[in-house]
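Take a look at the structure set out below.
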Amino acid sequence: AGGHRLQVFSDEMRVAVKERIAAEARLRAALAGDREAALPVWFQPIVNTATGRIVGAEALVRMFTPEGNLLGPGHFIPAAEETGLIVALGEHVLRLAVRHLMAWKNQLPYISVNVSPRQLAEPDFVPMVAAVLAENPGLDPSRVVLEITETALLGSSVDVRERLESIKALGVRVALDDFGTGYSSLTWLQSVPADVVKLDRSFVAGLAADPRKSSIISAVLWLARSLNMTVVAEGVEDPEDWKALQAADCPSCQGYLFGRPLPASEFELMLPFPETA
Ligand code: C2E
Ligand code: CA
Ligand code: CA
């Protein structure tokens, strides 16, 4: 029986290792070829809570396999982080997202881009961001928001605070992603010079029916306001939750209620006409 159990376990491990190797190979091929086709960036609206108008968009990467299948980031970001390919992937996403912002510059106030802890730790990260900004003359850097997660703080040998200070010196804004889900959110808030709090959807979904959630949200909104930060509530799917966020004076919202992530060509149909912007 022991032998059988060991056999089953090692088969599972072998499958997992195989999948990881396949994911890495796919990612390498995608980065080596036509990146924009194989690794498109999709856009999800972020809206003003009071009016529902689009104030920004989060850039979310996707992957098309050679067979034409669409993969979400959960299928390749972990492998990208393990292999270090996230550095090239992250640069690609930032460049593409900023290029789209330039194309929509009279219609879309800002673009928000995810940065993985591994990217942030790279010595070349700040110069890379500076180079992308320099490629887009006339762009107000505060219209670019970099989203980082609390795990960036953990086990990192670089001084994250210092790194974020140099990013902010470029004029871009910094958001704390998935806020509230980590183990040390208050430490994070205290130690990191961020501009935006992205309240994790676990606090947002079902908010209208849950007094504990609404108390937490009110407290985070108050805290953010006193620290001069703005708040985006993530994962808004339910009109009742939207109403509750309006009543709580939450500045902005993101979620399926306002729009799912869409390819650029579809997302831009949601934007106001340039004349009226
Ligand atoms: P995230 O940064 O928290 O991004 C928000 C995720 O929530 C997106 O999933 C989005 O589609 C989903 N979402 C938005 N509104 C709703 C809603 O109302 N309900 C629900 N249930 N989900 C909603 P997606 O695009 O699959 O991305 C998953 C994660 O992958 C992201 O979580 C982010 O951590 C990571 N990711 C995506 N793109 C990039 C990237 O370019 N670089 C890095 N480093 N990570 C990325
Ligand atoms: Ca994010
Ligand atoms: Ca998030």
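Brief remarks follow.
- Shape call, the stretch 163-277: gyration tensor on alpha carbons, a/c limit 1.5: oblate
- Our coupling estimate for the stretch 193-207, obtained by passing each phi through the Karplus curve with A = 6.51, B = -1.76, C = 1.60 and θ = phi - 60°, is x, 9, 10, 10, 10, 9, 6, 4, 5, 5, 8, 9, 5, x, 3 Hz, Gly and Pro reported as x.
- Solvent exposure of ARG225, expressed as accessible area, is near 130 Å², computed with a probe of 1.4 Å over the protein chains only.
- Of the residues THR51, GLY74, LEU85, the one whose Cα sits farthest toward the positive end of the charge dipole of the stretch 10-86, with +1 on the Cβ of Lys and Arg and -1 on the Cβ of Asp and Glu, is THR51.
- Contact order normalised by residue count of the chain, Cα under 8 Å, 6+ apart, percent: 19 percent
- Under conditions of 20 °C and 1.002 mPa s, the stretch 7-119 yields 138 µm² s⁻¹ as its translational diffusion coefficient, taking Rh as the Kirkwood radius over Cα pairs in the Stokes-Einstein equation.
- Overall, the anisotropy analysis places the stretch 13-57 in the oblate class: the square-rooted eigenvalues a ≥ b ≥ c of its C-alpha gyration tensor yield a/c not less than 1.5, with a/b not exceeding b/c.
- Straight Cα distances below 24 angstrom link LYS243 to the lysines LYS198, LYS213, with same-chain residues fewer than 8 positions distant left out.
- Across the stretch 38-47, coupling constants 3J(HN,Hα) worked out from phi with the 6.51/-1.76/1.60 Karplus curve, θ = phi - 60°, read 7, 10, x, 9, 9, 10, 10, x, 10, 10 Hz, and Gly and Pro carry x.
- Here the Debye sum runs over all C-alpha atoms of the stretch 39-194 as equal scatterers in vacuum, and log10 of I(q)/I(0) at q = 0.13 Å⁻¹ comes out as -0.62.
- Residues with amide H under 5 Å from that of SER252, placed H, sequence gap 5 or more: THR49, VAL231, ALA233
- Mean shadow area of the chain over all directions, Cα convex hull, nm²: 17.7 nm²
- Remark: spin-label model distance LEU31-ARG99 equals 1.8 nm, labels positioned 7 Å along the Cα→Cβ axis.
- Approximating the spin labels as points 7 Å out from Cα along Cα→Cβ, the SER215-to-GLU165 distance works out to 3.8 nm.
- Under the simplified labelling scheme, the ASN136-GLU268 pair shows an inter-label distance of 1.4 nm, with each label point 7 Å from Cα along Cα→Cβ.
- Result for the chain in a Gaussian network model with C-alpha springs under 10 Å: among VAL15, VAL132, VAL204, the largest mean-square fluctuation is at VAL15.
The values are calculated or read from the model by the stated rules, or taken from the named source; none is laboratory data. Computed from a predicted structure; not experimentally measured. Note that we place each Cβ from the backbone using ideal geometry, even for glycine, and neighbour counts take in every protein chain shown. All accessible areas refer to the heavy atoms of the entire protein, side chains included, with ligands and DNA or RNA removed. Shrake-Rupley method; radii C 1.70, N 1.55, O 1.52, S 1.80 Å.
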